[in-house]
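The values are calculated or read from the model by the stated rules, or taken from the named source; none is laboratory data. It should be emphasised that the depicted structure is a prediction, and the values quoted were computed from it without experimental measurement. Methodologically, a virtual Cβ is constructed for each residue, glycine included, from the backbone with ideal geometry; neighbour enumeration extends over all protein chains shown. Side chains included, ligands, DNA and RNA excluded: accessible areas come from the protein's heavy atoms. Shrake-Rupley method; radii C 1.70, N 1.55, O 1.52, S 1.80 Å.
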Amino acid sequence: MSERILVLGATGYVGGRLVPRLVDAGHEVRCLARDPGKLGGVGWSGDVRVLTGDLLDGDTLGEAFAGVDVVYHLVHSMGSRKEFAEADRTIARNVAMAAERAGVRRVIYLGGLGEVDERSSVHLRSRAEVGEVLLAAPVPATVLRAAVIIGSGSASFEMLRHLVEKLPVMVAPRWVSTRVQPIGIGDVLRYLVGVLADRSDADHVYDIGGPDVLTYLDMMHVYARVAGLRRRLVIGVPALSPWLSSQWIGLVTPVPVGVAKPLVLSLHQEVVVRPQGEDVTEVVPGSPLPYEEALRRALARVRDREVETSWREAGLYRASPAEPYPGDPEWAGGTLLTDDREIGVGAPMDDAYSTVCRVGGDRGWPALGWAWRVRGWMDQLVGGVGLRRGRRDPEQLRVGDALDFWRVEEATASAEGAVVRLRAEMRLPGRAWLEWRITPGQEGSCRLRQRALFAPRGLGGRLYWWALLPFHGPIFSRTLRMLAVDAVTSSGGRPTPPGGPAVPGPTGPDGPPPAR
């Protein structure tokens, strides 16, 4: 039976995979997002209706909820943002009230597995509290509770993968001996879609997990075997604080400290399916995959570059509408400091666009890679994401993708031109972007324009920009030229004379005059 479904959290790891499966099942799907542009680059965006709204502001939810049969609540606060538990409570209450006003027949929520007590982490307690808010509301709710999700691109899988592959010998705290019941992402999605069949008015709480109950140490040993690695030597220590554990994970894996910490804290407590709980297989028949098979499938997806969604796609920053933006007209005001350079490229526009789309990740940056790495290390030292996130796909970019310490804001190409714009998510005293615009030139050539833009915050932001001015010349000019070289190499041509940069240096109302 086709239903009208609203997905909250469609830009996230689970939501981004659930939406196309609901569409394939014949449902009419809506997605709510603060920034609808993040869904513009996904393959299924044309098959759904995307609406703008903020779950923290209940007054913005009416249109999205109107006429909806089922709401999927897949929104969770991760990272190190303070007051996240209060934000999650507010969101849950707003969702419950909006669902009641709209006459929604059921809310489906994906929460965390594990019994809550005084030992529970703040994040696990918050997940449980959201479920309680929804279960106490008038609209019937289905709560699915999962522990470690194994799938290509999941934060839990990436943490496990990098720890095992990078550390043949590791010092492990006591939490590696905690029992865990992992589940493959395919089974999570199967259960989420399957519980739609429940037409009752009753609330339900289902614990979902795979058939294997393991310790985290067991999970690492199995991973090593499946990946063809030697058995890892793990040395146990009696105590290692969650803070130290998360700092270490943040250092050796792409998972930043703010995401690693709640994962580590959840592993301090046993997370297994309750034997006396409701049985989800009564509603959704079928056996979940064993842990080892879920691992094999996740690794195959990584190897074949078929990572559908990733934890990297969760945004880390919410802009103020008052901040300057790269597309603002000059009369809009605000300080936007710029390093603007342009070069002619003896290659078709498509080749130049493909070259720009391949920057970063495992391939690295086209010039002075050591300087980019140093900047990434500096960002990690102050608690930023650094370069550890890499990228979802080595060849293609889509809006919302994470790319090292950048986020893709725009990646479009047409016969008239192409644009790639990245927004910085490193720790900065302001907001920064890196943008390339490509326009067609004479037959078989194009023009490549590169802009580094910075909206400083206060005096500290301006001092930061001026301090880095001596490095802009060698880094940005060589980056632009190497992109041109890479483009013509792939097309078999040769670079045209630059003809002089359009604006070869920093500009802006508070910057030094442009060098000519």
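Condition first: in contact with a Phe, Trp or Tyr (Cβ under 9 Å, 6 or more places away or on another chain) and under 21 Å from Asp24 (Cβ atoms). Can you find one or more residues in segment 48-71 that meet it?
Yes, because at least one residue in segment 48-71 is in contact with a Phe, Trp or Tyr (Cβ under 9 Å, 6 or more places away or on another chain) and under 21 Å from Asp24 (Cβ atoms).
Residues that are without any contact (Cβ under 8 Å) to a residue 12 or more places away in the chain, at least 1 per element: which strands (runs of 3 or more DSSP E) completely within segment 385-443 meet that?
Because the criterion is at least 1 residues that are without any contact (Cβ under 8 Å) to a residue 12 or more places away in the chain, the strands (runs of 3 or more DSSP E) in segment 385-443 that meet it are 406-414.
Given the residues Leu144, Leu167, which is the only one that is of a type in the set (A, V, I, L, M, F, W, C), buried (at least 18 other Cβ atoms within 10 Å of the Cβ) and touching a helix residue (DSSP H, G or I) at 6+ places or on another chain (Cβ under 9 Å)?
Leu144
Just the residues that are without any contact (Cβ under 8 Å) to a residue 12 or more places away in the chain and of a type in the set (Gly, Ala, Ser), please, taken from segment 444-480.
Ala467
Out of the residues in segment 32-61 that are among the hydrophobic types (A, V, I, L, M, F, W, C) and in a loop (DSSP other than H, G, I, E, B), which is most open to solvent (accessible area, probe 1.4 Å)?
Here the residue is Leu56.
Give me the residue from segment 1-25 that is over 20 Å from Arg398 (Cβ atoms) and either in a loop (DSSP other than H, G, I, E, B) or small (Gly, Ala, Ser) (or both) and, out of that set, modelled with the lowest pLDDT.
Met1
Condition test on Arg449, is it open to solvent by 30 Å² or more (accessible area, probe 1.4 Å), at pLDDT 85 or above and of a type in the set (Lys, Arg)?
yes
How many of the residues in segment 386-396 are more than 16 Å from Gly153 (Cβ to Cβ) and buried (at least 18 other Cβ atoms within 10 Å of the Cβ)?
Matching residues across segment 386-396 total 2.
Go through Arg301, Arg358 for me and flag whichever is over 27 Å from Arg478 (Cα atoms), modelled with pLDDT of 85 or more, open to solvent by 40 Å² or more (accessible area, probe 1.4 Å) and out of contact with any His (no Cβ under 8 Å at 6 or more places or on another chain).
Of Arg301, Arg358, the one residue that is over 27 Å from Arg478 (Cα atoms), modelled with pLDDT of 85 or more, open to solvent by 40 Å² or more (accessible area, probe 1.4 Å) and out of contact with any His (no Cβ under 8 Å at 6 or more places or on another chain) is Arg301.
Which numbered condition trips up Gly153, out of (1) part of a loop (DSSP other than H, G, I, E, B); (2) buried (at least 19 other Cβ atoms within 10 Å of the Cβ); (3) modelled with pLDDT of 90 or more?
Of (1) part of a loop (DSSP other than H, G, I, E, B); (2) buried (at least 19 other Cβ atoms within 10 Å of the Cβ); (3) modelled with pLDDT of 90 or more, only one is false for Gly153: (3).
Between residues in segment 268-283 that are assigned to a helix (DSSP H, G or I) and residues that are open to solvent by 30 Å² or more (accessible area, probe 1.4 Å), which pairs lie under 8 Å by C-beta distance while being six or more apart or on different chains?
Note: pairs meeting the criteria are Thr281/Ser287.
Restrict the check to segment 182-196 and report whether at least one residue is within 16 Å of Gln269 (Cα to Cα) and either open to solvent by 20 Å² or more (accessible area, probe 1.4 Å) or touching a helix residue (DSSP H, G or I) at 6+ places or on another chain (Cβ under 7 Å) (or both).
Within segment 182-196, one or more residues are within 16 Å of Gln269 (Cα to Cα) and either open to solvent by 20 Å² or more (accessible area, probe 1.4 Å) or touching a helix residue (DSSP H, G or I) at 6+ places or on another chain (Cβ under 7 Å) (or both).
Are any of the residues in segment 481-492 of a type outside the set (A, V, I, L, M, F, W, C), modelled with pLDDT under 80, open to solvent by less than 40 Å² (accessible area, probe 1.4 Å) and farther than 26 Å from Glu410 by Cα?
no
Could you list, in sequence order, all residues of segment 111-124 that are in contact with a helix residue (DSSP H, G or I) (Cβ under 7 Å, 6 or more places away or on another chain) and modelled with pLDDT of 80 or more?
Gly111, Gly112, listed by residue number.
In segment 426-444, how many residues are open to solvent by 20 Å² or more (accessible area, probe 1.4 Å) and either closer than 22 Å to Gly400 by Cα or modelled with pLDDT under 90 (or both)?
10
Only one residue in Arg127, Arg89 is farther than 17 Å from Val70 by Cα and either crowded, with 22+ Cβ neighbours inside 10 Å or modelled with pLDDT of 95 or more (or both), so which one is that?
The unique qualifying residue is Arg127.
For the structure I just gave you, tell me whether Val29 is at negative phi, surrounded by 14 or more Cβ atoms within 10 Å (Cβ to Cβ), touching a helix residue (DSSP H, G or I) at 6+ places or on another chain (Cβ under 7 Å) and assigned to a strand (DSSP E or B).
Yes; evaluated as a whole, the condition is true for this residue.
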